[in-house]
Amino acid sequence: MSDYLNPGDYVSGTDRRFRVLKEIGGGGQGNVYLVTSDGEQFALKWYSRQASTTEQYHAIEQLALKGAPSDRFIWPIMLVEGESKDNFGYIMPLIDTKKYTKLAHYFSGEIKVKRMEPIIEACIQMASGFYDLHLTGMCYRDISFGNLFVDFATGDVLICDNDNVTFDNLTSSSDIWGTQGFMAPEVVKGEAPPSSQTDLFSLAVVLFRMLNLQHPLQGKKEYEIEIADYESLVDLYGHNPIFIYDPIDATNRPVKGKKDMAEAYWYHYPAFLKNRFIEAFTIGLHDPNSRVRESIWIQDLLSLKSNLMYCYHCGSQLFYDRETIQKTVCPSCGKRATLIPPRIKIGSRILLLNHDTLVTRGQIEAENFMDYETPYLKVEVHPRHPEIWGLKNLSEDVWRYEGKDGQIKELTKDGIVPIKEGLEIYMGDKQCAVRAATQIK
């Protein structure tokens, strides 16, 4: 069997046979086909003869035996072979391309996303996915836009090309690989092979680009490169990388009108998120052991989601920052924010309540931040009196609050309590203080 398969060809695994329907993709290692078996459809990655090495065979075999870290990974299910032993491939789940889009299409401008929630959710799921992977003692090696698919309606993420994955114990310089612009400086310089620590750098690059639409190291220095040859790129990403918003070194700032996409976003984010990116691309640039962990990103991104609010002038979304709220302007219309929506205070954390807010358990319970998908409460707008909002309990927890008559009331699942100034609710064991909307003076 050759490097290419034709419709009607068969490949076989240990206990299953698959019929090729059509080719659906290709790359440097081989091609991807739509296949069917027993009425089910799958994707098949079929390696070229050159890529069909013994090492690759055993690597895929190990991944299939180990199983996916989570359902976000389009993971090898089984090895398959054809009529000859010269080529092989592996079966994996089929991506619904009507729902999921390769992340690269978002950055090319083909996909327009008007709301921040799917973008933030996608960032959370990416961090969570690689957290799950690293917990298994493995590293991805090549995190980049080409390996990530996103449902931009919901923010759901799929991670593909998992034949990149290997155990987190590489030592050989021959194991150094990745995608230009995403590799950690020590990998670019050839000083270290990929690892979970270098994955953390690549993840930070993806998150920054997701939220700012610009590479964190591509500012004036990259703009001034006349010929982007190997030496200039190794200098930019390896020997002398400088964050475009480095608080001390301003030599690589965005170039107005040329390389400045981040300027439309960076200044509108809360200080805690900007400080985290500064940490990731200053200390974390040069010290692999000081890189921002996935769990920290998840907590920060949950806080970012909790700080979303609407501009009361144009309806666009913006972020609440307690320290700078009096100077906050809308990134869309440029007008100053005039009203803070209702909000909940839990300890030192504040969650803003908009007409369409859905809060997860991970946002309520800081100690359970990894439970960021379970709905906990939502804002309900009165159908006949839209000025009246309430909090709907979506959890199994019993809420307790003081009613108008001074008696303690209990609120079980699907119950609603009106939002009002001074209301205190015990949501399970969490004491929550509710504040009504407030004019910004």
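Say whether the condition of being in a strand (DSSP E or B), touching a strand residue (DSSP E or B) at 6+ places or on another chain (Cβ under 9 Å) and not aromatic (Phe, Trp, Tyr) is met by at least one residue in the range 66-75.
Of the residues in the range 66-75, the ones in a strand (DSSP E or B) are 73.
If we keep only those that are touching a strand residue (DSSP E or B) at 6+ places or on another chain (Cβ under 9 Å) too, we end up with 73.
From what is left, the residues that are not aromatic (Phe, Trp, Tyr) are none.
Among the residues of the range 66-75, not one is in a strand (DSSP E or B), touching a strand residue (DSSP E or B) at 6+ places or on another chain (Cβ under 9 Å) and not aromatic (Phe, Trp, Tyr), which makes the answer no.
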For this session: Just one of (1) small (Gly, Ala, Ser); (2) outside the structural domain of CYS123 (by TED's automatic domain parsing); (3) in contact with a Leu (Cβ under 9 Å, 6 or more places away or on another chain) trips up ALA280, so point out which.
Result: (2)
Exercise. Only one of (1) in a loop (DSSP other than H, G, I, E, B); (2) free of Cβ contacts under 8 Å to residues at least 12 places away in the same chain; (3) not hydrophobic (A, V, I, L, M, F, W, C) is not met by HIS105, so which one is it?
Worked result: (1)
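Output the residue which, of all residues in the range 342-370 that are assigned to a helix (DSSP H, G or I) and of a type in the set (A, V, I, L, M, F, W, C), is modelled with the lowest pLDDT. Don't jump to the end; show me each part of the working.
Applying the first criterion (assigned to a helix (DSSP H, G or I)) to the range 342-370 yields 361-364, 366-368.
If we keep only those that are of a type in the set (A, V, I, L, M, F, W, C) too, we end up with 364, 366.
Working: ILE364: 93, ALA366: 87.
Here the residue is ALA366.
Please pick out the residue among SER295, SER332, SER232, SER290 that is in contact (Cβ under 8 Å) with a residue 60 or more places away in the chain and either exposed (fewer than 13 other Cβ atoms within 10 Å of the Cβ) or small (Gly, Ala, Ser) (or both). First the steps, then the outcome.
Values: SER332 fails: in contact (Cβ under 8 Å) with a residue 60 or more places away in the chain; SER232 fails: in contact (Cβ under 8 Å) with a residue 60 or more places away in the chain; SER290 fails: in contact (Cβ under 8 Å) with a residue 60 or more places away in the chain.
None of the other options fit; the residue is SER295.
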Exercise. Restricting the range 304-318 to residues that are surrounded by fewer than 21 Cβ atoms within 10 Å (Cβ to Cβ) and out of contact with any Pro (no Cβ under 8 Å at 6 or more places or on another chain), which is nearest to VAL113 (Cα to Cα)?
Worked result: GLN317
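So that you can scan it fast, the table gives a plain yes or no per residue for (1) assigned to a helix (DSSP H, G or I); (2) out of contact with any Cys (no Cβ under 6 Å at 6 or more places or on another chain); (3) in contact (Cβ under 8 Å) with a residue 60 or more places away in the chain:
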| residue | (1), (2), (3) |
| --- | --- |
| ILE91 | no, yes, yes |
| LYS98 | no, yes, no |
| GLU117 | yes, yes, yes |
| ILE124 | yes, yes, yes |
| PHE130 | yes, yes, yes |
| LEU133 | yes, yes, yes |
| THR154 | no, yes, no |
| PRO193 | no, yes, no |
| PHE201 | yes, yes, yes |
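What do you reckon, is LEU285 assigned to a helix (DSSP H, G or I), out of contact with any Ser or Thr (no Cβ under 9 Å at 6 or more places or on another chain) and either crowded, with 19+ Cβ neighbours inside 10 Å or not assigned by TED's automatic domain parsing to the domain that holds CYS123 (or both)? I'd like the intermediate steps shown before the answer.
On the way: assigned to a helix (DSSP H, G or I): yes; out of contact with any Ser or Thr (no Cβ under 9 Å at 6 or more places or on another chain): yes; either crowded, with 19+ Cβ neighbours inside 10 Å or not assigned by TED's automatic domain parsing to the domain that holds CYS123 (or both): yes.
Yes: the conditions hold for LEU285.
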For this session: Sort out which residues of the range 136-153 are within 18 Å of GLY181 (Cα to Cα) and among the aliphatic types (A, V, I, L, M), and write them in order of number.
Result: ILE143, LEU148
For this session: Would you point out the residue of the range 319-328, among those that are surrounded by fewer than 20 Cβ atoms within 10 Å (Cβ to Cβ) and in contact with a helix residue (DSSP H, G or I) (Cβ under 8 Å, 6 or more places away or on another chain), that is nearest to VAL205 (Cα to Cα)?
Result: ASP321
Problem set entry | Residue within the range 178-197 that is of a type in the set (A, V, I, L, M) and closer than 28 Å to ILE350 by Cβ present | no
For this session: Would you confirm whether any residue within the range 171-179 is free of Cβ contacts under 8 Å to residues at least 24 places away in the same chain, among the hydrophobic types (A, V, I, L, M, F, W, C), part of a loop (DSSP other than H, G, I, E, B) and closer than 30 Å to PRO288 by Cα?
Result: yes
For this session: Out of VAL205, VAL255, report the one residue that is closer than 15 Å to ASP142 by Cβ and either among the aliphatic types (A, V, I, L, M) or not assigned by TED's automatic domain parsing to the domain that holds LYS114 (or both).
Result: VAL205
Exercise. Do the conditions hold for SER195, that is, is it over 21 Å from ALA127 (Cβ atoms) and among the small types (Gly, Ala, Ser)?
Worked result: no
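Can you name every residue in the range 97-131 that is acidic (Asp, Glu) and either in contact with a Ser or Thr (Cβ under 8 Å, 6 or more places away or on another chain) or modelled with pLDDT under 95 (or both)?
GLU110, GLU121, listed by residue number.
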For this session: Test ASN6 against the stated conditions and say whether it is of a type in the set (S, T, N, Q), out of contact with any Pro (no Cβ under 6 Å at 6 or more places or on another chain) and surrounded by 14 or more Cβ atoms within 10 Å (Cβ to Cβ).
Result: no
Problem set entry | Options LEU44, LEU63, LEU103; residue that is touching a Phe, Trp or Tyr at 6+ places or on another chain (Cβ under 8 Å), surrounded by 20 or more Cβ atoms within 10 Å (Cβ to Cβ) and closer than 30 Å to MET261 by Cβ | LEU103
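Only one of GLY406, GLY390 is surrounded by 14 or more Cβ atoms within 10 Å (Cβ to Cβ) and without any contact (Cβ under 8 Å) to a residue 60 or more places away in the chain. Can you tell me which?
On the way: GLY406 fails: surrounded by 14 or more Cβ atoms within 10 Å (Cβ to Cβ).
Just one listed residue meets the conditions, GLY390.
Residue-by-condition table, conditions (1) touching a Phe, Trp or Tyr at 6+ places or on another chain (Cβ under 8 Å); (2) of a type in the set (Asp, Glu); (3) at pLDDT 95 or above; (4) part of a helix (DSSP H, G or I):
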site	(1), (2), (3), (4)
ARG209	yes, no, yes, yes
SER232	no, no, no, yes
LEU273	no, no, yes, yes
MET309	yes, no, yes, no
Problem set entry | Answer residue from the range 256-271, given it is of a type in the set (Phe, Trp, Tyr) and assigned to a helix (DSSP H, G or I) and is farthest from GLU224 (Cα to Cα) among those | TYR267
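The values are calculated or read from the model by the stated rules, or taken from the named source; none is laboratory data. A quick note: this is a predicted structure, and the numbers were derived from the prediction, not measured. Ideal geometry is used to build each Cβ from the backbone, glycine not excepted, and the neighbour counts take in all protein chains shown.
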